[in-house]
Amino acid sequence: MMRTDNQSIVSAPVQIASRRDDHESDLTTKLAYLAVGGALGALIALLLAPKSGRELRDDLTDVARKGASQLGDKAGEYYDSARGVAGRRGDQIHAALEAGKQAYLREKERAQIEDEINYASGYYEVEKRR
């Protein structure tokens with residue numbers, strides 16, 4: 001079965017949504033790996049460098065702050081990246097919708113002209129018989 005241009009235009013948003021879901025899944029996975037890696041690094045640091053309770057709490061606080069800062073920085077980068085991709089995809093969707101609108105208007109105008117020609121030819125036949 002051959003696909004028409006209309007079918008490919010209709011399927012484009014579905015493909016874009018699928019890619020966006022894949023991108024969001026990749027982002028979630030990356031953030032999860034970052035969090036797990038940070039937690040494991042902190043645990044290993046605690047086990048290998050025994051210190052007094054006060055020093056250990058201070059170190060844990062520092063590690064948590066650094067981890068939160070890094071996580072915030074990475075999340076900001078991913079947010080900016082996702083926002084840029086969404087903006088570009090939005091532009092593409094807007095262009096596709098505009099092209100569809102223009103095609104519809106051209107077809108509508110063509111159909112109106114065709115109706116007028118058919119009406120005029122019927123009128124001409126009536127006048128010709130008189």
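Here, each number is a calculation from the coordinates, and none is a lab measurement. Since the model is a prediction, treat every value here as computed from it, not as a measurement. All Cβ positions, even for glycine, are placed from backbone atoms using ideal geometry, and neighbour counts span all protein chains on display.
Within a Cβ distance under 14 Å of Leu34, other residues only, what is the Lys/Arg minus Asp/Glu net charge?
0
Using the Karplus curve 6.51 cos²θ - 1.76 cosθ + 1.60 with θ = phi - 60°, what ³J(HN,Hα) values do you get for each residue of the stretch 27-41, in whole Hz, with x for Gly and Pro?
Values per residue, Gly and Pro as x: 5, 4, 4, 4, 5, 5, 4, 4, 5, 5, x, x, 5, 5, x Hz.
At Glu107 and Ala68, where each label point lies 7 Å from the Cα along Cα→Cβ, what is the point-to-point distance in nanometres?
5.7
Residues of the stretch 51-90 with amide nitrogen under 17 Å from the 7 Å Cα-to-Cβ point of Leu34?
Once the point is set 7 Å along Cα→Cβ of Leu34, 63-85 turn out to lie under 17 Å by backbone N, inside the stretch 51-90.
For every other residue with a beta carbon closer than 14 angstrom to the beta carbon of Lys51, add +1 if it is Lys or Arg and -1 if Asp or Glu, then tell me the sum.
-2
Could you please report the charge total around Asp80, scoring K, R as +1 and D, E as -1 over all other residues with beta-carbon less than 14 angstrom from its beta-carbon?
Result for the neighbourhood of Asp80: +1.
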